[in-house]
Structures are given as structure tokens and as C-alpha cells.
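> Would you mind keeping the following structure in view while I ask a few things?
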Amino acid sequence: MMQNKKVLLGSLLLFSLYAACAGAAVSPAEAKKLTGELTPFGAIREGNGADIPRWEGGITQPPKEYQREGQHHPDPFRSDKPKEVITAQNFTKYEKYLSEGLKALFKTYPTTFKIPVYVTRRSHSAPDWVNQNTYENAVKADLTRDGNGVTGAYGGIPFPVLHGSNERKALQAIWNHLTRWRGVFVTRRASETAVQRNGEFSLVNSQQEVFWNFYNPEGSEKDLKNILFYYLSFTISPARLAGGAVLVHETLDQVKEPRQAWGYNAGQRRVRRAPNLAYDSPIAASDNLRTADDTDMYNGAPDRYDWNYLGLKEMYIPYNSYQISQAGLKYADVLGVSHINPDYTRFEKHRVHVIEARLKAGERHIYSRRVFYIDEDSWNIALVDQYDGRGELWRVSMAFLKNFYELPSTWTALDVFYDLQARRYHVQGLDSEERSTRVFTSEVPDRRYFSPQSLRRRGIR
């Protein structure tokens, strides 16, 4: 088990810290709820008395069928069958549990789109040291100026107990998503594609490597130097793109210090700065169906929007999505003509934090309004509704969440971005045809590994 001695304080030292923190984010009494009525990540531990169960610790051990790092995940709930299937013909019966985006998909594709609803499994879990750091962050973490960064947090969720005004709660929830636990170092090879109206698609295959500096077991908050993570991706196919690479130094406060990005063009054999890889810059590999800040459901600086917390709500979201990423599943079977094949999806009823973002007067973005639905157990954004400049629902994004039980942590198996007006969609993270899925290690790379000087070498592999 990975441990960070610089941030993991003993109980006695922790209580001494409480005593010294008169201006702490939340009181020690509020933080104490994380060991009682709330889960370590700040979710309500009890269920709803009906179809949302009590959280009992989630998945803490891989199933016996899981035997090696990088193995596609055997489904621990494969014997479950759908309790009901929501269709265009009956969705009004369930609409109080549906996002506007899901309802729009029923209306747009009334004969094919459906939602199989399964028993709710609160499978989220995290290592003890991440939970402990989250507990400590609760009384120390705060938003920086205008909510564009976080201070007083490291190695765990910054704001497990939301507090303050609705604007502050919304920003805290978004920062919980941005800084959520996804391991220390991850490598994956996967494909993405834009699916056209007639169902045709062309894959772009690449390898990505991410070092989550915020969870560096050898570091601390003072060592961050405003870097949240390092990201490196190089394209493997198609041939016209092969050898190209992208390097990102993701800054924590992007208003103070914008994201640093570089691109390597294999044809020109040159590394160049990519200063515009932010906000609503279109992503070429998505056929312009995904913006830079759509990636991971949301990323980057929150400064162009006014934020509002709309409360906790029970909703159907993609969860325990093991079927859609099972080994050997053909992409052609996953990618339907208009949407992902519903037969491989699994939705469950969970509580979500509902967050609204409205574009500030005088600011520019292709989305005038966004509504985020954040899983209360893991702080992953599961669904997003995006509205155009006329205020009409335009795009719907969804993350197919599952527990990567080798960490453990909840993250996405697959991300899908629907354009309701163009009737096309983009899929990111296809890897069921690969020999391996994501590989996680506690390796801490040399900082030169993610330097612009190394980008050309990586791009021409």
C-alpha cells in the first residue's frame, strides 16, 4: 500500500492541527462526520430506505478472476439482470430521476435509445491513506481567489464536506472532481472515434501516460509548484497521424499560470507550444465534437462561468460499467449508428450533486450553460448537459463509471459525447480490443520525463 509520510499525520498531531486552525475550512466536529454519518469522501453513508443501499465500504479487493495488472476487469456483478428498461415509450414514468440530456436522447432516438436499470451497487472505494488525507484536507483546504485554485489540500479530496454559499459549494464540488484520486501513474493504450450519422467511424489509436502530481507519494503541497498532473500522449494510428505527440503540464490555478502544452508534428519533426489548448478549443481527433474542457467531463479553469450549487438529487447514472469494457468486445458492437449500444450499458440510481455553470457576461465560450451531475460517492462527473448560445440543449456527455479495484478507485471506463443537433457522437477510451487496459503503478518519474525536450523522442517511437 502506498503511503505518504509527509502528509499522513498521526492522530495526535491531527488533533493538534485542529486546535491551531481557528480559521479552518470546516470545524473538527463537521470533519468528524467523515467517520460516522458520512463516508470518507463525504457522501451520505445511509441509503434512501428503498433502492439506494447503505455504503458498506465498496469494493476493497479484486475478484479472484483478476490476476494481473492491466487485465481487463472481470465484472464482479455479472449475475445481475436489469430490474427495468427505460425507453422512449415509458421514460415519463421515471423522468424525475433523469437528466435533461437523457430525456433528450429518448426524444431524439425514440426507437433505439434505452436505459437498462440495475440494482444499485455502491462500489466506490479508495485506499486508507487517501481517505486519511481527505479527512485532514477537510479542515485545511480552501478555494484561492475567485475559486480558480485550491490551497491547503494534498493527496485526497479537498472538500469532502461542502460548505459556504451555493457558489462556493459548486466550485468545491468541481475541484473535488478535478483532483479526485485516480492513482499515481497510469499508462493506457486506447482508441477514440467520431461516429457519423450513418454509423461509419474511423479510429485514432494512441498511448497516454499520466503522472498525478497531486498524489505524488514522495511530495507534499509545497512541492506541487502549481502542477496538478503531467500528461503525455502519442498517436499510433492512423498512419497520417502516427508519431504525433502532445505534452501537457496541467496547472492547478490556471488563471495564475495557464496550462502549458506542447505538440510534436511528426512530418515537420518539430515541437511547438500549443497555447490554445483550453476552454472551448475544438479537439481535432473528435471531429470537433469535443472541446478541450469537455475532456474528462470537465477540466481547466472555472473562471468563465458563474457557478451555482443546485443540491443533492437521486438520479440514474452510468455505474459499474464493466460490460462495456470487457475483454474482446468488438468496437463495432459497441458503436451503434446513433449512440452507444444500450445492451452493454448499466445505469443505477445514485445520489448526485447537481452543479450549474452559466457563462459570465462578456466572456466567450460555445456553451452558454452547463449542468453537471457529480456522483456523491466518488466525485466523478457522470453526466453533463451543455447548452448553446440560444439556450437550447446541444450536447450531452456521459462517463461510464466503474471501480478500478486494483487501486481501488472509481473512474471512467469510457466517455461519450453526443451532439443532439448534428446527430453524431464521439467516444473516447475504447480499449476492449487492446491486449491490456490501464496499468497503474506507484512509480514517480523523473521530471525530465515530461519535459518538452523529451517530447520529440517519444513522438517518433
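The values are calculated or read from the model by the stated rules, or taken from the named source; none is laboratory data. Predicted, not measured: the structure shown is a model, and the values here were computed from it. With ideal geometry, Cβ positions are generated from the backbone for all residues, glycine too; neighbour counts draw on all protein chains shown. Just so you know, the surface numbers come from the protein's heavy atoms only, side chains and all, with ligands and any DNA or RNA stripped out. Shrake-Rupley method; radii C 1.70, N 1.55, O 1.52, S 1.80 Å.
> Residue by residue through segment 228-233, which ³J(HN,Hα) values in whole Hz follow from phi under the Karplus form 6.51 cos²θ - 1.76 cosθ + 1.60 (θ = phi - 60°), with glycine and proline marked x?
Per-residue couplings from phi come out as 7, 7, 10, 10, 9, 9 Hz.
> Another question, then. Between ASP388 and SER165, take the C-beta separation as r, use R0 = 22 Å, and let me know the FRET efficiency to the nearest 0.05. List each step's numbers first, then the result.
Numbers: r = 28 Å, r/R0 = 1.28.
The calculated FRET efficiency here is 0.20.
> Further question on the same structure: Once R0 is set to 30 Å, what does the formula 1/(1 + (r/R0)^6) return for the Cβ-Cβ distance between ALA361 and GLU257, expressed as a FRET efficiency to the nearest 0.05?
0.75
> Here's another thing I want to ask about it. For segment 356-450, what does the alpha-carbon gyration tensor say about shape, rounded, prolate or oblate, given a ≥ b ≥ c as the root eigenvalues, a/c under 1.5 as rounded, and a/b over b/c as prolate?
Numbers: a/c = 2.08, a/b = 1.77, b/c = 1.17.
Judged from the Cα gyration tensor, segment 356-450 comes out prolate (a/c at least 1.5, a/b above b/c).
> Over what distance in Å are the Cα centres of segment 142-158 and segment 288-328 separated?
Centre-to-centre distance over Cα atoms comes out at 20 Å.
> Express in nm, to one decimal, how much length is gained between ASP128 and ARG78 on full extension, taking 0.36 nm for each residue of separation and deducting their alpha carbon distance.
Working: separation 50, 0.36 × 50 = 18.00 nm, distance 2.72 nm.
Stretched fully, the ASP128-ARG78 segment lengthens by 15.3 nm.
> Of the accessible area of segment 35-160, with the probe set at 1.4 angstrom, what percent is carbon plus sulfur? The partial results should precede the final answer.
Details: 2630 of 5580 Å².
For segment 35-160, the apolar C and S fraction of the accessible surface comes to 47 percent.
> How far is it, in nm, from the label point at GLN61 to the one at ALA239 when both lie 7 Å from their Cα along the line to the Cβ?
Between GLN61 and ALA239, the simple spin-label model gives 5.1 nm.
> Out of the total accessible area of segment 277-324 (probe 1.4 Å, heavy atoms of protein only), what percent is carbon and sulfur?
On the way: 690 of 1390 Å².
Result for segment 277-324: 50 percent of the exposed heavy-atom area is carbon or sulfur.
> Rounded, prolate or oblate: which one fits the chain, using the alpha carbon gyration tensor with axes a ≥ b ≥ c (rounded when a/c is under 1.5, else prolate when a/b beats b/c, else oblate)? Working shown, then result.
Details: a/c = 1.34, a/b = 1.10, b/c = 1.22.
Taking the square roots of the gyration eigenvalues as a ≥ b ≥ c, the chain is rounded.
> With the other protein chains left in place, how much accessible area per residue, in square angstrom, belongs to the chain at a 1.4 angstrom probe? Don't jump to the answer; show the numbers that get you there.
Numbers: 18740 Å² over 461 residues.
Roughly 41 Å² per residue, with all protein chains present.
> Given the DSSP H assignment, sum -39500 (n - 2.57) over each helix run of at least 4 residues in the chain and divide by its residue total; what's the result at 222 nm in deg cm²/dmol, nearest 500? Write out the running numbers ahead of the final one.
Numbers: 7 runs with 58 residues, N = 461.
Helices in the chain give a 222 nm mean residue ellipticity of -3500 deg cm²/dmol.
> Next up: Give a quick list of trypsin sites (Lys or Arg not before Pro) in segment 370-419 that DSSP marks as loop, anything other than H, G, I, E or B, with at most 11 other Cβ atoms within 10 Å. Display every interim value, and only then the final one.
Working: sites: ARG370, ARG390, ARG395, LYS402; in loops: ARG390.
Within segment 370-419, the qualifying trypsin sites (Lys or Arg not before Pro) (loop, at most 11 other Cβ atoms within 10 Å) are ARG390.
> Please list, or write none, the aspartates and glutamates whose alpha carbon is within less than 15 Å of the alpha carbon of LYS103, excluding same-chain residues fewer than 8 places away.
Within the straight-line cut-off, LYS103 pairs with GLU95, ASP385, GLU392, ASP419.
> To continue, here is another question. Along the Cα-to-C-beta direction of GLU443, a point sits 7 Å from the Cα; which residues of segment 189-216 have their amide N less than 17 Å from that point?
189-190, 207-213, 216
> If you roll a 1.4 Å probe over segment 330-385 with all protein chains in place, what percent of the accessible area is carbon or sulfur?
Working: 740 of 1600 Å².
Reported share for carbon and sulfur atoms: 46 percent.
> Please label the shape of segment 34-99 as rounded, prolate or oblate, based on the square roots a ≥ b ≥ c of the eigenvalues of the alpha-carbon gyration tensor (a/c under 1.5 means rounded; beyond that, a/b larger than b/c means prolate, else oblate). It would help to have the intermediate numbers written out before the result.
On the way: a/c = 2.68, a/b = 1.22, b/c = 2.19.
Oblate.
> So, one more: In what sequence, highest mean first, do 193-202, 296-305 appear when ranked by Cβ atoms within 10 angstrom?
On the way: 193-202: 15.6, 296-305: 19.3.
Output ranking for 193-202, 296-305: 296-305, 193-202.
> On a straight-distance basis, which lysines could pair with LYS96 in a cross-link, Cα separation under 25 angstrom, same-chain partners fewer than 8 positions away excluded?
Leaving aside lysines fewer than 8 places away in the same chain, those within reach of LYS96 are LYS81, LYS83, LYS107, LYS114, LYS169, LYS313, LYS349, LYS402.
> Measure off 7 Å from each Cα along the Cα-to-Cβ vector at ARG272 and GLU218, then give the distance between these two points in nanometres to one decimal.
3.5 nm
> For the pair ARG45 and LYS96, what calculated FRET efficiency results from E = 1/(1 + (r/R0)^6), where r is the Cβ-Cβ distance and R0 = 22 Å, to the nearest 0.05? Show your work: numbers first, answer last.
Working: r = 24 Å, r/R0 = 1.08.
The computed FRET efficiency comes out at 0.40.
> How do LYS96, LYS103 stack up against each other in accessible area, from largest to smallest, with a 1.4 angstrom probe?
On the way: LYS96 130, LYS103 25 Å².
So the residues, ranked largest to smallest area, are LYS96, LYS103.
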